[in-house]
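What follows is a short report on a single structure.
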Amino acid sequence: MESNGEGASRIRREIEALKDEKARIEQKILDLEAQLQEEASLAHQQQQSESVCNGCFPSVSAADANLAHGLTADSIYRYSRHLLLPSFGVRAQSNLLKSSILVVGAGGLGSPALLYLAACGVGRLGIVDHDVVELNNMHRQVIHTEAYIGQPKVKSAASACRSINSTIQIVEHEQALRTSNALEILSQYDIVVDATDNAPSRYMISDCCVVLGKPLVSGAALGLEGQLTVYNYKGGPCYRCLFPTPPPATACQRCSDSGVLGVVPGIIGCLQALEAIKIASDVGEPLSGRMLLFDALSARVRIVKIRGRSLQCEACGENTTFNQQHFKDFDYEKFTQSPLSTSPPKLKLLAPDSRITSKEYKERVVSGEPHVLVDVRPEHHYKIVSLPKSLNIPLTSMEARLPEISSALKEQEEGTGSGANLYVICRRGNDSQRAVECLRNMGFDLAKDIVGGLESWANDVDPNFPMY
Amino acid sequence: MEVKTEGDNLPAATTVVKDVPSVQIKVLFFAKARDITGLNELSMEVSSGSTTQDCLNKVVAKFPSLDEIRHCIVLALNEEYTTESAVVKEKDELAIIPPISGG
Ligand SMILES: [Zn+2]
């Protein structure tokens, strides 16, 4: 009989081998899907050219009947429920099939938007994203499946769209949208859907749509609220008309920090698909000059009339000189004081002697050093997971709770007779620096922060420590 | 200043002497404004003839942290676009709507 150690390592080896095999099979599936897609589009083209040829002959084939509106027999069957709608019908469906829509972001908003846009028969559907699928996306980014974790979102989303509708063209733009490539990418489409998650991208996409004259369907969701507007549509306002001054970086919240109820971006993303479909098929009244506000907790939807195009707008106003060259040279990260990527900023407030690494902290715990560990995250974060014996004092209430830190330090010192150290930790190592700065100003000269917070603890010390 | 939150059904304890007649309005908070104030809405009494800007000043005075976002909001009066010089009337609803950028 093998010992426990041997057994565990044998199982680990087996898991690794199986994982390798799984990755190989998944790659093979992807390759085959791409191949299938190519074959399908070839067959589709062939079918189209054949039906055109058929039209040359005075045939009585049913296929001829399709020619007037350009819908094939398959299309008629696939989209029959659209065609049956008197206010939509053949005309709107034909418009849709001839249209092209670009969705920027295959995340919480982009997932449902893409699924519906693919299903409804948009002729050419583009997807821009540079992220990979992660486990903490799955609760809201419903286009992705667990099998795609670690793979590019664009690949995953494109494959899902193709499996819903193999008759439309899906274009993958596996890159981050920047001023250097935005004009080239957006100019290939009729309509742009902003499904991004940060302020600089929103200004950049709106400006790009203004210089290219494209309508923009803009959605956003955070926490339990969502917003939706159509910008730059038939003389309507652009994003800058509404928000000429960007919000301060401190007011920009990300889902990765503030959280979001998964279904909320789902609802807004569906509404984005709806607005894009209305514009593409030329039916109804797009949400231009109005903003929809969705409040999940109170189950309330409000539609607020917003201002029209601003004559003073820097992007679309009367005397603006904003053009493609200005756009290319514009620094959106500087303008909004926040990064285009979703990665959280890394603060460097403190001198190295005011900080220790998570590994060093671990050593000090093991050596039995008398100390107090203050966790400055909000209480609801602390409830998710925390280090043993840590004291939760959220950054926002720290000044009022300094006596608690003093008494905890005293308690540590009592047993040993020597001074106790004070360490501060947070989720990623930004707030802990702010806290240490504040503590040092208040006379806690020994306060040090743990570089990289619990994230580095999970990465460098305890791989089993749950991260969120 | 006379401020009370919604749900507080007691009549406003206003002074009996009213040189300037006042109007009661409701301020609605969205997104970041909701986080800062901790409120969805707020009933507020302002002197009649007050503009939306006066009302906004009053709200910012009560919640100073709102100042950082006051230049990046959509302001709507009774669900219609409004300028800061519009005069508010009894029972008006003033919505403070900062943009959300998440997704
Ligand atoms: Zn504009």
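The values are calculated or read from the model by the stated rules, or taken from the named source; none is laboratory data. Since we're looking at a predicted model, the values are computed, not measured. No Cβ is skipped: glycine too gets one built from the backbone with ideal geometry, and neighbour counts run over all protein chains shown.
Give region A:303-345 a look and list any residue that's outside any loop (DSSP other than H, G, I, E, B) and either in contact with a Lys or Arg (Cβ under 8 Å, 6 or more places away or on another chain) or within 20 Å of A:Val260 (Cα to Cα) (or both), or say none.
A:Ile303, A:Val304, A:Lys305
Which of the residues that make up region A:255-267 are at the interface with chain B (Cβ under 10 Å from one of its Cβ atoms) and surrounded by fewer than 19 Cβ atoms within 10 Å (Cβ to Cβ)?
A:Ser256, A:Asp257, A:Ser258, A:Gly259
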Inset, instruction - Can you tell me which residue within region A:224-251, out of those that are touching a residue at least 40 places away in the same chain (Cβ under 8 Å) and of a type in the set (S, T, N, Q), is farthest from A:Ile277 (Cα to Cα)? - result: A:Gln227
Legend entry - Hits in region A:232-264 (condition: part of a helix (DSSP H, G or I) and within 14 Å of the ligand (Cβ to nearest atom)): A:Tyr239, A:Arg240, A:Cys241, A:Leu242
Legend entry - Residue ID - farthest from the other protein chains (Cβ to nearest Cβ), chosen from residues in region A:294-308 that are without any contact (Cβ under 8 Å) to a residue 12 or more places away in the chain and closer than 18 Å to B:Pro99 by Cβ: A:Val301
Inset, instruction - Determine if region A:161-177 includes at least one residue that is within 14 Å of chain B (Cβ to nearest Cβ), surrounded by 24 or more Cβ atoms within 10 Å (Cβ to Cβ) and not small (Gly, Ala, Ser). - result: no
Legend entry - Members of region A:157-214 found to be within 16 Å of the ligand (Cβ to nearest atom) and assigned to a loop (DSSP other than H, G, I, E, B), listed by number: A:Gly213, A:Lys214
Legend entry - Meets criteria (buried (at least 22 other Cβ atoms within 10 Å of the Cβ) and within 11 Å of chain B (Cβ to nearest Cβ)) for A:Ala182: no
Legend entry - Which numbered condition A:Leu350 misses (of (1) away from the ligand (no atom under 16 Å from the Cβ); (2) within 14 Å of chain B (Cβ to nearest Cβ)): (2)
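Can you spot a residue in region A:277-284 that is among the aliphatic types (A, V, I, L, M), buried (at least 16 other Cβ atoms within 10 Å of the Cβ) and within 22 Å of B:Ile73 (Cα to Cα)?
No: region A:277-284 contains no residue that is among the aliphatic types (A, V, I, L, M), buried (at least 16 other Cβ atoms within 10 Å of the Cβ) and within 22 Å of B:Ile73 (Cα to Cα).
Within region A:92-105, does at least one residue satisfy the condition of being in a loop (DSSP other than H, G, I, E, B), at pLDDT 95 or above and within 28 Å of A:Val211 (Cα to Cα)? Explain how you work it out, then say what you get.
First, pick out the residues of region A:92-105 that are in a loop (DSSP other than H, G, I, E, B): A:99, A:105.
Those left that are additionally at pLDDT 95 or above: A:99, A:105.
Then keep just the ones that are within 28 Å of A:Val211 (Cα to Cα); that gives A:99, A:105.
Yes - at least one qualifying residue is present in region A:92-105.
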Legend entry - Criterion: more than 30 Å from A:Leu71 (Cα to Cα) and either in contact with an Asp or Glu (Cβ under 9 Å, 6 or more places away or on another chain) or modelled with pLDDT under 95 (or both) - qualifying residue of A:Ser206, A:Ser159: A:Ser206
Legend entry - Extreme residue, farthest from the ligand (Cβ to nearest atom), among residues of region A:287-341 that are surrounded by 12 or more Cβ atoms within 10 Å (Cβ to Cβ) and on the phi > 0 side of the Ramachandran plot: A:Gln337
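In region A:234-249, which residues are facing chain B (nearest Cβ under 7 Å), touching an Asp or Glu at 6+ places or on another chain (Cβ under 9 Å) and surrounded by fewer than 19 Cβ atoms within 10 Å (Cβ to Cβ)?
Listed by number, the list holds a single entry, A:Pro248.
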Legend entry - Hits in region A:273-293 (condition: within 10 Å of chain B (Cβ to nearest Cβ) and either within 21 Å of A:Val142 (Cβ to Cβ) or assigned to a strand (DSSP E or B) (or both)): A:Arg290, A:Met291, A:Leu293
Legend entry - Meets criteria (of a type in the set (Ser, Thr, Tyr), over 23 Å from A:Lys346 (Cβ atoms) and either touching a helix residue (DSSP H, G or I) at 6+ places or on another chain (Cβ under 9 Å) or assigned to a helix (DSSP H, G or I) (or both)) for A:Ser407: yes
